[in-house]
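Quick note: the coordinates plus some simple rules give every number you see, no bench work behind them. Just so it is clear, the model here is predicted, and its values are computed rather than measured. Cβ sites come from the backbone with ideal geometry, for glycine too, and all protein chains shown count toward neighbours.
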Amino acid sequence: MKIKKITLRHMKLDLLSPFVTSFGVEYDKDFILVEAVTEKGITGWAESVAMLDPLYNEETVKTNWHILEDYLIPIILKSDIQHPDEVSEKLFKHIRGNYMAKAAIEGAVWDAYAKETGTSLAKALGGTKEKIEVGVSIGIQESIEATLSVIEARLKEGYKRFKLKIKPGWDVELINKVRHAYPNIPLMADANSAYTLADIDHLAQLDAYNLMMIEQPLAHNDIIDHAELQAQLSTPICLDESIHSFEDARKAIKLGSCKIINIKVGRVGGLTEAKKIHDLCQENEIPLWCGGMLEAGIGRAHNIAITSLPNFVLPGDTAGSALYWKEDIINPEVIAIDGMITVPESPGIGFEPDFHKIEKYTLFMKDYK
Ligand code: OSB
Ligand code: MG
C-alpha cells in the first residue's frame, strides 16, 4: 500500500457545555483531522487528540501540525506499507516524542489499511467484542447539587460508570455526598495530577467510598510517587497522563504504581503501541479501559475499535456524540444505548465522515503529495 496524498485540516467544534478539570476549562475543541488517500483511491481518517494549549500534555495543535508537516508526512509519503505496524516502527525509529502527532497519521494509515483489506478496524486490530461498555466523564460543576443532577441524567441514559473530575477543595465532600445519594453506582475520580505525596492522608479519606479507582492523582510524569501512594491506598490507582509507552507501562507495573491503566491511543503514539500495551497488561492482569480526549466522531470511532480488544474490561470514556456536540462530523453519530456501543463491522472505522459538516467546521486546510 502507498499513500499518495495527505490532507490536514484544523477543525473547531463548539462543546455543548464547558468541560472543567483541575487543569483548565475547555469551551470548544480545536483539533487536526488527517485524511490519507492511497494509490487505489481508498481514504483513511484520524484525529489528533492534541489540544489547543499544552494543559494535558506538552503537545498542541500547532506542534502537531509542525511535526506532521515537516517530519511524519514526508516519511509516510515515501513508504511502501505492507502493514501499519511498520509505519509505527518507522515513526518511532526516526522521531522522539510527539506521540499524538504520530498517532494521528498512523491512525489514518490503519483505517486505510483496514478498508483496503475489507476488514473492520476493530477486527484488523484483533478486536473480539461486538459491543463495548461506556461510561461518562463529568467535569467540575458549579455545585454538588449540579453534579448530582448530571449524574441523574446520565444514569437514566444507561451509562455504565461515572467519573468525576476532582481537585483540592472539590474532592472528599463531593464524593461523600455523591456516594450517599447513589450508594451503588460504579463511581471513580480523576484528579489530572492535582495532588502531591503531601496529600496522602487527604487522599486516603477517599478509601471510605468504594471507588472503582482514582485516576492520575499525582504528577503527569510520575510513576515513583504513585507507587508509594498506591501502597498506602486501598482504592486502585489508574494511570492516565504518566503512561506514554509500552516501556512506561512495563515500569509502572513493575513498581506497583497502579492497578489499572487507561489507554489513550494518542497519548501512547498510536494503535500499534496501544495493542502492545494491551497485551502486556493482559499478561500482567492489569485491567484496561479506553480514555477519551473529547474526540469528535472520527477519534471516537478509533476508540471504539481499540476497545473491542479483550482486556478492555472496564467501561471507557467513549460516550455518545450527543453528550459533546450539537452535530458530529460522522454518519451515523456515535450512539450509546443503555451504556453500550455496537462495534461497527463495515470496513475501516465503520462511520462515514460527513464532508458537508467537515467543511463547515474547517478553519484551515492543506494538501501534501
Ligand atoms: O483526563 O481523561 C482525562 C478530557 C480531556 C483531557 C483529559 C481527560 C479528559 C476527560 C474527558 O476526562 C473524556 C471524554 O469524555 O472524552
Ligand atoms: Mg484522565
In region 165-206, what residues are of a type in the set (D, E, K, R), under 22 Å from L148 (Cβ atoms) and either more than 16 Å from ligand 2 (Cβ to nearest atom) or touching a Cys at 6+ places or on another chain (Cβ under 9 Å) (or both)? E173, K177, R179, D190
Within region 249-275, the residues that are away from ligand 1 (no atom under 16 Å from the Cβ) and among the charged types (D, E, K, R) are R250, K251, K254, K259, E273, K275
Filter region 74-90 down to the residues that are more than 20 Å from G348 (Cβ to Cβ) and in contact with a strand residue (DSSP E or B) (Cβ under 9 Å, 6 or more places away or on another chain), then identify the one that is surrounded by the most Cβ atoms within 10 Å (Cβ to Cβ). L77
Does E145 qualify as being among the acidic types (D, E), out of contact with any strand residue (DSSP E or B) (no Cβ under 7 Å at 6 or more places or on another chain) and over 15 Å from T272 (Cβ atoms)? yes
Taking region 91-104 and keeping only residues that are part of a helix (DSSP H, G or I) and surrounded by 17 or more Cβ atoms within 10 Å (Cβ to Cβ), one is left with L91, F92, Y99, M100, A101, K102, A103, A104
Subset of region 134-158, residues under 13 Å from L187 (Cβ atoms), of a type in the set (A, V, I, L, M, F, W, C) and buried (at least 19 other Cβ atoms within 10 Å of the Cβ), comes to V136, I138, I151
Criterion (farther than 18 Å from L15 by Cα, of a type in the set (V, I, T) and crowded, with 16+ Cβ neighbours inside 10 Å) met by exactly one of I304, I337, I329, I358: I304
Residue, nearest to ligand 1 (Cβ to nearest atom), within region 276-329, restricted to residues that are assigned to a loop (DSSP other than H, G, I, E, B) and among the small types (G, A, S): G292
